Amino acid sequence: MPLSHVQFENDCSYPPPRGTVLLLTCMDLRLLDEIIQFMNHDNLANRYDHVVFAGAALGALGAPCAKSDFSHWKKTFFDHLGAAVELHRVEDVYILEHRNCGAYHTVFGACRNYGDSEKEQAAEEACHLKYAQLLQQEIEDWAKQHNIKLRVTKFLMGLRGQVSLLSGPKAKTQSKKSAK
Ligand SMILES: [Zn+2]
């Protein structure tokens with residue numbers, strides 16, 4: 001194995017998918033092989049549809065924060081999800097966000113370009129969590145309407161390819177909501 005492909009200790013505290021997965025990622029060029037490595041690590045080789053939208057969850061939501069109209073991206077995402085479910089019987093959706101996402105801060109203006117301090121990294125994670133949660137809710141509503149079961153798991157990838165679950169503590173999330 002080349003030295004550039006170091007295996008990270010990814011968080012495996014979520015249940016492993018039993019069937020096919022729909023994977024949503026950003027288009028970031030720096031992480032393409034790390035994404036494949038992550039999916040292989042989850043024993044999902046040749047068992048997933050890979051959908052790429054600039055900004056991952058934010059793009060698939062149609063970037064509601066953007067000045068330009070990207071709302072048609074949301075329709076495209078859900079049309080694609082419908083096709084994937086029909087053709088491949090998708091049971092799980094992976095939303096894989098990543099740090100230092102140019103789409104988030106340059107294309108859609110959803111956040112600033114965060115720094116490397118602990119505080120900045122936490123703020124960056126909170127921004128991704130916000131949009132990943134919004135998309136999760138939309139996917140779960142969509143699944144309910146179509147009478148199918150879909151489990152959504154959210155992740156955040158660092159620039160070395162390490163992946164952590166993206167799930168803020170519930171109490172904290174609620175206090176953030178009430179502070180807005
Ligand atoms: Zn990105």
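Just so you know, all these numbers are worked out from the coordinates, no wet-lab data involved. Computed from a predicted model, the values in this text were never measured in an experiment. Cβ placement follows ideal geometry from the backbone for every residue including glycine, while neighbour counts extend to all protein chains displayed.
Need the full-extension length gain, Asp11 to His146, defined as separation in residues times 0.36 nm minus the C-alpha distance. One decimal, nm.
Numbers: separation 135, 0.36 × 135 = 48.60 nm, distance 3.08 nm.
Taking 0.36 nm per residue and subtracting the Cα distance, the gain is 45.5 nm.
With N set to the number of residues, divide the alpha-carbon radius of gyration of the chain by 2.2 N^0.38 Å and report two decimals. If you can, show how the numbers build up before the last one.
Working: Rg = 15.9 Å, N = 180, 2.2 N^0.38 = 15.8 Å.
Cα-based Rg divided by the globular estimate yields 1.01.
Find which of Cys65, Gly115, Leu81 sits farthest along the positive direction of the dipole of the chain, computed with +1 on the beta-carbon of Lys and Arg, -1 on that of Asp and Glu, about the Cα centre.
Cys65
Between Asp69 and Leu32, what is 0.36 nm times their sequence separation minus the Cα-Cα distance? Round to one decimal in nm.
Full extension from Asp69 to Leu32 adds 10.6 nm.
If each residue's Cβ is checked for other Cβ atoms within 10 Å, how do His41, His128 rank with the fewest at the top? Present the calculation step by step, with values, prior to reporting the outcome.
On the way: His41 15, His128 26.
Result, fewest neighbours first: His41, His128.
Among DSSP beta bridges whose residues both lie in the chain, state the antiparallel percentage, nearest 5.
Details: 3 of 21 bridges.
So the antiparallel bridges in the chain amount to around 15 percent.
Over region 20-179, calculate the relative contact order: mean separation of alpha carbon pairs under 8 Å at least 6 apart, over the residue count, as a percent.
Computed over region 20-179, the figure is 25 percent.
For the cross-link pairs Lys74/Lys130; Lys74/Lys144; Lys75/Lys144; Lys67/Lys154, which exceed 20 Å when the distance is taken from alpha carbon to alpha carbon?
Details: Lys74/Lys130 16 Å; Lys74/Lys144 17 Å; Lys75/Lys144 17 Å; Lys67/Lys154 26 Å.
Too far apart for the 20 Å limit: Lys67/Lys154.
Go through Ser13, Ala103, His128 and say which Cα lies farthest out towards the positive end of the charge dipole of the chain; charges sit on Cβ, +1 for Lys and Arg, -1 for Asp and Glu.
With unit charges placed on the Cβ atoms, the residue in question is His128.
In debye, nearest 20, what is the charge dipole magnitude of the chain about its Cα centre with +1 on Lys and Arg Cβ and -1 on Asp and Glu Cβ, if you could check?
600
So, by mean Cβ neighbours within 10 angstrom, what's the order for 115-126, 42-53 with the highest one leading?
The peptides rank, most packed first, as 42-53, 115-126.
Measuring from label point to label point, each 7 Å out along Cα→Cβ, what is the Arg47 to Ala126 span in nm?
3.7
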